[in-house]
Amino acid sequence: MAKITYIEPDGQRRELDVPDGCSVMEGAIDNGIEGIVAQCGGGCSCGTCHVYVLSGAAGEPGEEELEMLELVAAERKPNSRLSCQLEVGPALEGLVVQIPDRQY
């Protein structure tokens, strides 16, 4: 498990223990975090689980993720990631993500 902090669009911070092997998106959906739509269910084909990584070692996005990040509704920033592509494990301990104000 890793502690992941989600900052919802309204500014509320929620720190959760998310099981290893889950995605940051699944952790959000399973715990009722506001702002993650995940329309495609984690298939990296919709861009509605867009987040900004504020701190933590999230690694670099792959080619498929970079292509989907071109289509996100909120402003794309250098720290933009798709939460479905962030697999939880020890390396993500302490990750902080901010959810943009819109996913459509």
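No lab work stands behind these numbers, since they all come straight from the coordinates. Every value quoted in this text rests on a predicted model; they were computed, and no experiment measured them. Cβ: placed from backbone, ideal geometry, glycine included. Neighbour counts: every protein chain shown.
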Self-check item: Pairwise label distance in nanometres, Asp17 with Leu66, each label 7 Å out on the Cα-Cβ vector
Solution: 3.8 nm
Exercise. Please list the non-local residues whose amide H lies under 5 Å from the amide H of Leu95, H modeled 1.01 Å from N, same-chain partners needing a gap of 5 or more.
Key: Thr5
Practice problem: Grab the beta carbon distance between Asn31 and Lys77, set R0 = 25 Å, and tell me the FRET efficiency rounded to 0.05. | Solution: 0.55
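Residue separation times 0.36 nm, minus the C-alpha to C-alpha distance between Met1 and Glu93: what's the value?
Once the chain is fully extended between Met1 and Glu93, it gains 32.3 nm.
If you average the sequence gap of Cα pairs under 8 Å that are 6 or more apart and divide by the length of the chain, what percent do you get for the contact order?
That works out to 41 percent.
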Self-check item: Cβ-based exposure ranking for Tyr52, Tyr104, in which fewest neighbours within 10 Å come first
Solution: Tyr104, Tyr52
Exercise. Please state the charge dipole magnitude for the chain, taken about the Cα centre, from unit charges on C-beta atoms (+1 on K and R, -1 on D and E), reported in debye and rounded to the nearest 20.
Key: 260 debye
Exercise. Report the far tail of the P(r) of the chain, meaning the percent of Cα-Cα pairs longer than 20 Å.
Key: 26 percent
